Structure formats: structure tokens, C-alpha cells
Amino acid sequence: MDESIVNKADIDEKLQREMRNLSNLKASLMKSNQMTENMLTILSNFDGRLRKLEDTIVPVYNETGNLQRRQENVEKTLQSLDNAINFYHIAREVDNDIREGPSAGLEHYLECMEKLQGAMDYFKINNPASPEMSTATTLFEAGKDSLEREFKDILQQYSKPVPAIALLNKLSETEEEKSEDESLKLETLSQDVIEDLSTISKWLTTKGNSYDFMNAYAQIRSGVVTRSLEVLKDHGKTGSGGSGTFNMPLSPAVGNKPRTPQKPIPARRESRKNRFAEFGSRKGSIATIKQQFHGFKMEAGMAMGHKRTVSGQPTDVAKDEIPEIEVEVYVVTASALLKLLQSEASLMTEIIPEKHQRKIFDVLVQPGLKVLTNDGENISSLAKWATGRHDFSAILSVCHVLKHLRTIKPDFDITLEGCSAPTRQLLTSLVTTLNSTGSKALQDFIDTIKNDPDKSYNLPKDGTVHELTSNTVNFLEQLAEYSDTVGAMLMTQGADPSARQDNKHSKKLAEYMTKVLSALGLNMSNKSEVYTDQSLGAIFMLNNYNYILKSMKKSGLLSVVHLWNPDVEKYYDDQIVEQKRRYSQSWSRVLHYVMEGFKPISQQKTESPASVHMKDFLRGVELKDKDRQ
């Protein structure tokens, strides 16, 4: 009972407390609603005021923007007017600078030209018929002509022939020196000059639309090439005591030292200028070719005021002198031309725009190539003229030139890549011409030996080796040094003379040597019949056959001929034995009497009185064994 009362009291107390809380919450809610309504009223008022402010500011803003645009338009108009007014005065402002030319300052001159071009562009659009347009155009053309003249003057002033020593040094560089110096340019054009020429060239092609200066470039630089070749030729003819030789190698084709009558004396090395002397003593000398030819002519009897052909027939030198073929000067010139053209190609990349380079280079290289081909054709003509007079040493000149040209022709083809077909065919045509000349001369050599009409001239009285045999073998030995070149000459028509087919060429040379030896053997056989004493004829053939075989073994010709005729050595051995047999027969009568004189009487036959007299004489004389032999 008491608990119920207590619990009821607690419940009443809690109820009263919750009622008070509820009253407080309602009061707070009313305050919050009141504050919300006040805030909404404030915001509404603020929004209204902002709307009124916007209505007031926007027209002012728009008007300000219009004013700013008008101001900008006015400024642009004033600036355009200033520019237009300047265009009317540009011609007068730059007149003196343009007429003075670019020599005073290239950069300032080009700025003046840019201003003139801007004035021309303006008048062309706005007032093409105005006198100012005419004045600006005239002055611009005059300025462009001045730039072209400046380009030519600078190029002409600094384009000098390459000194012969510089060319020879470049040609004699070792592989290590080539790898260290990758530059292909031979000339001493300074970088400032190249930059000025490049700047003018670029402006004339892009802004001036002018291309005539490129033709001038080709003419001037081609003149440098041809004059450099002339300087080199003069150096070869006069710088070496008038001998026309260069004591230096040029390529693998020239560096192979040929056999010579005497060893060349190398020049003393003093500086890089004498580098070619060092190479001459180390790898071989082009001058030795000349000594070689001279030695061949001397062996053929071309001394003491008379020359003799390979066939041994004399002619009067005073009436029919054969001009000297300066082959060593020519091969140096050919290699020098290659270096010069490579240098020009490298220089052109820095001056002439790329799209015009091949066209201008094609014009540039032609004079130098024509000098080379004309000189080569002259060598061919001289060789024809010489071989027509039976001086076949000229064939060696042609072989040496051809060997060198075939060696450097791949580099020429790379350098001339992109040039016109006629330009690229110049060297090929020269190789073909020399190849034809050499081939005909080689055939004429066989015909000369085979058809020698004079059998008795210069025939040795004692049956020793004939001059024709020694000259012919000597000639074949020298031809063997150009086996690949001579083989190409002898190949059938339609074969590429510049292609390397070593095995085929060697076989062709072996075939040719076999024909020469066959013709020589027939000639010697005919000459041997001139001897009234058959034994002397046998000795003559024995000596010639023996000389041919031994010379071929010593020089290595035998291995070459074996490529075509493996039995050639056996043939000569058989012929030597046969000639010995023929010679032995000449002693048969004497040996008969000697042997019969020492036989027993029972074995002796009935003989003539002369035989009996001979035997009686022999019986009366006691012969020693060595005398009997």
C-alpha cells in the first residue's frame, strides 16, 4: 500500500517535469519561427536593393565597354594610319642604304629589303597603281640585283684554286688521318664567308624569288675545280723537274708497285707538304710507271736516235716521234677531281637550298669531268697513234689509266648520284673508249708478231735469244700486273668493262697470252729457217724456248697461262728436248768418225779412202778422255 503511494507520487513528479519541458520547447519553437520570419524579411529587402543596384550599374557598365571599344578602334586606326604613312616614306628612308649595297652591313641591308617588301605588299593590296608602288618595286629590284652581285663578288673573291700541295696531301692521307679529319672540304672558305653566302642565298630564294645567282655559283665553283686541276698538272710537269711525275700513291690500283728497271729515289720528308714523298717510298711510286715505260722502250731499241718496234723494225724518231703519254699526271688528276667534287658537294650543302642542289651540282661538275674525259680521250688517241707505229708500250699506259679509273669509278658514281644521265655517263663512256682502244691494241700486238714480214732483220748470228722474244716476254710480264684490267679489255662485247670478275678476267688474259706465245713461236720458227746452218737454227730455237720457259717460271706468268693451257710447260720442255736432238744430229758425222776410229779392225766396215785416212790420223794421235768427249 505504501509502495503504491510512493510510486504514484514519483509518477506525478515526472509528469510535472515533462509538462514543464514541453512548455519550454513550445516557447523556443515560437522564438525560432519569429527569427525566421525576421530573416526572410531582411533577405527580401536585400534582394530588392540588389535589383535596384543592378538596374543602375548595368547601363553604366555597358556604356563604359562601348567607350573602351571606341578608344581601341581609334588607337588601331591611328596605328594603321601611321603604318600607312610610313609605307609612303619607306622608299625614301631606305634609298641610300639600298643604293650603297650590302657591303656596309648585310644584316641591316636585309632589314631594309624587308621594309621595302612590306611596302610593296601594302600598295599591292590597297593602291597598286600608286607612284609609291612603282618606286618601291624599282628600288626592291635594284636591291635584289645588289644582293646577287654581292653574292657573286664574295664567292669570286674567296674562291681560289686549291694548291697542288693541299690536293696531294689530301690524296696521300692515311686511313687514320681520314678518320680524324672527317671534313671533305679542301678549300679555305672561312665560316663567316659561308654564313654570309648562305644568308644571301636563303633570302634570294625565299623572299626575292631569284635563282640566277645559282648559275653564277655553278660557273664560279666549276672554274675553281678546273683551275685547281690545271695547277696540279703544272705542278706535276714543272714541280718535279719537268718529269711530269708525282711521287705518291693514289689508290689500291696505283699503290701496287710495278716492276721497274731501277728503284725510284724517294724525296726527303721535311713537312706535311712532302707527305707524298714518304708514301712514294713506302707504298710505291707513280713515277715508276714512267720509268717502266721508258725501260720497255729502251729494251725495244728506241735509243740512239732510232726506235724499234716490238717486231724489231726500225723507224726514224725524228720523222715519226711518238709523244710522251703522261699517264701518272692523268691518274693523279683523276683522283684529285674526285676529291674536288666531293669537296664541292659538301660545300654546296651549306650554301645552296637543298631542293636546288642536285641541279646546280650537275652544272658544276661538267667542266671538270669534260677535262678528265678529254684528257683520257687524248691518251686513247695517242695510244692508237703509237700502236699504229708498233710502239705497244702505250698499251701499258691505257692499262694503268683503266685500272685506276675502275678503282675510283664507284666513288664517282656515289658523288654524281642525282645528276643527269649524260653527266653520269661521261666517265662510263671514257672507260668504254679506253677499253676498246686497249682491246684493239692487244689484238694488233698479236698480228704484228704473227705477220712480221722481215724474217732476217736483227737475227743473231750466234743463235742467241732474239730481241723480239725478250721484248714480248717483258711485255707480257708487265701486262700480268694488270690482269683484271686486261681481262676486261679482252672480254666479249656486251660485258661491263667496269665490273669485277677476277676469275673470268684472269682466264681471258691467260688465253691472250697463249695466243701471243703461239704467234711468237711461229715467228721464231720462221726466222730459224733463215739460217743456212740447220744446227744454228736449232740452237736459236733452243735458246728462245728456254728463255721463254725460264722467264715465265721466274715471273709467275706460267701460273697465269696454266689457267687456259695446263700443258704449256710440257710443250716447252718437249720443244727444248726436240731442239737439243736436232742440234745433236749436227755432230753425227764427227761422232761417227770418232767412234769408228776406236773400234776393233774386225768390226770396221769397208770404207772410203777419206774414212781410212781419218782413221789413220786418229790412230796416230793419242787422245785424252776429255778431248775424246
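The values are calculated or read from the model by the stated rules, or taken from the named source; none is laboratory data. Remember, predicted model here, so these are calculated numbers, not experimental data. So basically every Cβ, Gly included, is an ideal-geometry build from the backbone, and we count neighbours across all protein chains shown. Ligands, DNA and RNA are stripped out before the accessible areas are found, and what is left, the full protein with its side chains, is counted by its heavy atoms. Shrake-Rupley method; radii C 1.70, N 1.55, O 1.52, S 1.80 Å.
For region 203-221, a residue qualifies if it is within 26 Å of Gln342 (Cβ to Cβ) and in a loop (DSSP other than H, G, I, E, B), and exactly one does: Tyr211. Here is the figure for region 72-121: residues that are surrounded by fewer than 14 Cβ atoms within 10 Å (Cβ to Cβ) and among the β-branched types (Val, Ile, Thr) total 3. Residues considered: Glu132, Glu148, Glu100. Of these, the only one that is within 17 Å of Ile200 (Cα to Cα) and touching a residue at least 40 places away in the same chain (Cβ under 8 Å) is Glu148.
Take the conditions assigned to a helix (DSSP H, G or I), at pLDDT 90 or above and either of a type in the set (S, T, N, Q) or on the phi < 0 side of the Ramachandran plot (or both) and apply them to Leu50. Does it pass? So that I can check it myself, show each step before the final result.
Details: assigned to a helix (DSSP H, G or I): yes; at pLDDT 90 or above: no; either of a type in the set (S, T, N, Q) or on the phi < 0 side of the Ramachandran plot (or both): yes.
No: the conditions fail for Leu50.
Considering every residue within region 451-472, establish whether at least one is within 37 Å of the chain's Cα centre (by Cα) and farther than 19 Å from Asn526 by Cβ. No, the conditions are met nowhere in region 451-472.
Do we find that Lys152 is more than 30 Å from Arg227 (Cα to Cα) and of a type in the set (Lys, Arg) in this structure? Steps first, answer last, please.
Numbers: more than 30 Å from Arg227 (Cα to Cα): no; of a type in the set (Lys, Arg): yes.
For Lys152, the condition - more than 30 Å from Arg227 (Cα to Cα) and of a type in the set (Lys, Arg) - is not met.
Please go through region 528-569 and give me each residue that is outside any helix (DSSP H, G or I), in contact (Cβ under 8 Å) with a residue 24 or more places away in the chain and within 27 Å of Lys507 (Cβ to Cβ), ordered by number. Hits for region 528-569 are Gly556, Leu563, Trp564, Asn565. Restricting to region 368-409, name every residue that is open to solvent by 50 Å² or more (accessible area, probe 1.4 Å) and under 30 Å from Ile194 (Cα atoms). Lys370 - this is the single residue of region 368-409 that is open to solvent by 50 Å² or more (accessible area, probe 1.4 Å) and under 30 Å from Ile194 (Cα atoms). Here Gly537 meets each of (1) surrounded by 17 or more Cβ atoms within 10 Å (Cβ to Cβ); (2) of a type in the set (Gly, Ala, Ser); (3) modelled with pLDDT of 90 or more with one exception, condition (3). Across region 135-145, the qualifying residues are those that are of a type outside the set (Gly, Ala, Ser) and either touching a residue at least 12 places away in the same chain (Cβ under 8 Å) or in contact with a helix residue (DSSP H, G or I) (Cβ under 7 Å, 6 or more places away or on another chain) (or both), and the one among them that is surrounded by the fewest Cβ atoms within 10 Å (Cβ to Cβ) is Thr137.
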